[in-house]
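Below: the structure, in structure tokens.
The values are calculated or read from the model by the stated rules, or taken from the named source; none is laboratory data. Every value quoted in this text rests on a predicted model; they were computed, and no experiment measured them. Ideal geometry is used to build each Cβ from the backbone, glycine not excepted, and the neighbour counts take in all protein chains shown. Surface areas here come from the heavy atoms of the whole protein model, side chains and all, with no ligands, DNA or RNA. Shrake-Rupley method; radii C 1.70, N 1.55, O 1.52, S 1.80 Å.
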Amino acid sequence: MKLTRVNSLKGEVTVPGDKSISHRSIMLGSLAKGDTEVYGFLQGADCLSSIDCFRKMGVEIENKGDIVVIHGRGLRGLQAPTDTLDVGNSGTTTRLMSGILAAQQFASRVNGDESIQKRPMKRIMTPLSMMGADIVSELGNDCAPLIINGKALKGIHYDSPVASAQVKSAILFAGLYADGETSVTEPAVSRNHTELMFEEFGVDIRCEDKTVTVKPATELYAKKVVVPGDISSAAYFMVAGAITPNSQITIKNVGINPTRDGIVKVFEMMGADMKVEKTSGDVGEPTADITVSTSNLKGCVVGGDIIPTLIDEIPAIAILACFADGETIIKDAQELKVKESNRIDVMVNNLKAMGADIEATDDGMIIRGGKTLHGAVIDSKLDHRIAMSFAVAAMNAEGETEILGSECVDISYPKFYEDMKMLTE
Ligand code: S3P
């Protein structure tokens with residue numbers, strides 16, 4: 001994909017459904033009694049991998065486009081898959097589903113693409129093993145392929161060394177099947193979509209500060225799920241609106257759950273011209289229409305407990321920082337190294353190629369804004385968030401930018417380039 005500068009971006013966009021919530025709707029819908037209807041389901045490759053895996057375990061799932069109907073099999077109704085469960089590129093499918101598989105009365109093998117086979121799985125293998133799970137890495141490198149032999153599990157308390165919703169959720173899913181209470185304490189609160197959806201489906205769960213406790217369940221009950229727009233996808237339009245001249249973009253119906261809204265706070269800290277208009281109450285998953293206009297931005301420090309609330313938006317925030325006055329420091333974000341790519345290295349190398357003043361640190365990056373960016377060849381490393389971030393940078397750079405592997409946006413936002421283009425007309 002080749003991109004050049006745009007003069008202005010104007011209009012409204014509705015981004016696709018939230019990826020995290022879409023995954024969880026398939027998992028909980030599959031384990032529930034009754035039919036779960038999901039509205040606004042994200043039809044991205046990652047969430048389709050979740051559908052595929054649960055179909056392989058005997059769950060009938062009708063994918064009608066915007067509506068997905070899951071004919072739940074009940075908490076103990078999954079069937080042994082006859083084949084490897086293929087998670088594709090999806091870390092969320094791998095980790096959350098492993099928590100479920102650990103407690104089944106059958107064995108399974110979980111594998112995915114080249115990127116997934118490099119992502120750390122010890123972080124879930126350790127707590128699940130403490131619960132009595134039999135989960136091993138086939139190649140002995142703590143990565144997928146994983147072989148999971150279902151076992152009877154016991155409830156534990158786990159002090160997680162990382163603020164990771166995938167780790168927390170894997171444990172909570174396993175906890176549904178344990179012989180007693182299971183709790184997880186995190187160093188900082190990560191996204192809480194599992195907790196909210198567990199409650200909706202009738203699970204006894206409570207959250208206190210940084211600790212979540214779940215009671216074993218006997219049955220889960222199907223619920224209608226309405227998926228809000230994904231703030232991680234909205235982030236590219238927010239940044240594009242702020243850095244492109246003569247622009248104003250409204251992103252409709254964006255999920256602004258407080259465990260996900262760190263980017264809104266960063267926009268405030270940087271002095272962006274932004275309006276957030278709530279469109280639903282504060283219960284469950286709150287939503288808003290977000291309008292961002294061309295802004296005079298100033299650098300800021302992004303670190304500490306805010307990091308888990310904007311971890312996937314950091315590539316987009318790094319682009320934003322290139323257009324701000326002064327220095328932006330992103331710290332406490334070492335988790336970036338173990339995402340779909342090493343997002344510290346990939347952002348720093350590619351932004352340097354475009355002429356940015358940026359350096360990598362051990363736990364983030366330092367960006368001195370104000371340098372004019374120029375076109376370059378960008379290697380996305382097939383990481384969807386890298387491709388989308390550099391598309392936004394390319395639209396504000398001199399000359400032409402080529403994004404290698406640009407089609408990887410299919411993972412979370414298949415129509416990304418089309419939706420962005422609509423705003424230029
Ligand atoms: C996700 C949690 C985050 C995030 C990922 C989706 C989830 O990962 O980066 O894109 O749906 O639980 P970690 O839990 O590893 O931080």
Check: In the stretch 351-368, is there at least one residue being crowded, with 17+ Cβ neighbours inside 10 Å and part of a helix (DSSP H, G or I)?
Finding: yes
Checklist line | Residues being open to solvent by less than 60 Å² (accessible area, probe 1.4 Å), farther than 19 Å from Ala102 by Cβ and assigned to a loop (DSSP other than H, G, I, E, B) - total across the stretch 45-85 | finding: 1
Item checked: Residue list for the stretch 165-196, restricted to those being hydroxyl-bearing (Ser, Thr, Tyr) and surrounded by 23 or more Cβ atoms within 10 Å (Cβ to Cβ) -> Ser169, Tyr177, Thr182, Ser190, Thr194
Notebook entry, point to check: Within the stretch 223-240, can one find any residue that is open to solvent by 10 Å² or more (accessible area, probe 1.4 Å), more than 11 Å from the ligand (Cβ to nearest atom), closer than 29 Å to Asp332 by Cα and not hydrophobic (A, V, I, L, M, F, W, C)?
Noted result: no
Notebook entry, point to check: Say we look at the stretch 381-412 and pick out the residues that are in contact with a His (Cβ under 9 Å, 6 or more places away or on another chain) and part of a helix (DSSP H, G or I); which of these is most open to solvent (accessible area, probe 1.4 Å)?
Noted result: Asp410
Check: Being over 30 Å from Thr372 (Cβ atoms) and part of a loop (DSSP other than H, G, I, E, B), is that true of even one residue in the stretch 29-39?
Finding: no
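Quick one: count up the residues across the stretch 223-282 that are assigned to a loop (DSSP other than H, G, I, E, B) and not β-branched (Val, Ile, Thr). So that I can check it myself, show each step before the final result.
Of the stretch 223-282, the ones assigned to a loop (DSSP other than H, G, I, E, B) are 223-224, 227-228, 230, 244-247, 256-261, 270-272, 279-282.
After this cut, where a residue has to be not β-branched (Val, Ile, Thr) as well, the list is 223-224, 228, 230, 245-247, 257-258, 260-261, 270-272, 280-282.
Selection size over the stretch 223-282: 17.
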Checklist line | Unmet criterion (only one of (1) without any contact (Cβ under 8 Å) to a residue 40 or more places away in the chain; (2) closer than 22 Å to Ala356 by Cβ; (3) more than 15 Å from the chain's Cα centre (by Cα)) for Ser247 | finding: (1)
Margin query: Based on this model, can you work out whether Met125 counts as within 16 Å of the ligand (Cβ to nearest atom) and under 19 Å from the mean Cα position of the chain (by Cα)?
Written below: no
Next item on the list: Go through the stretch 307-344 and give me each residue that's polar (S, T, N, Q), within 13 Å of the ligand (Cβ to nearest atom) and open to solvent by less than 30 Å² (accessible area, probe 1.4 Å).
Entry: Thr309, Ser341
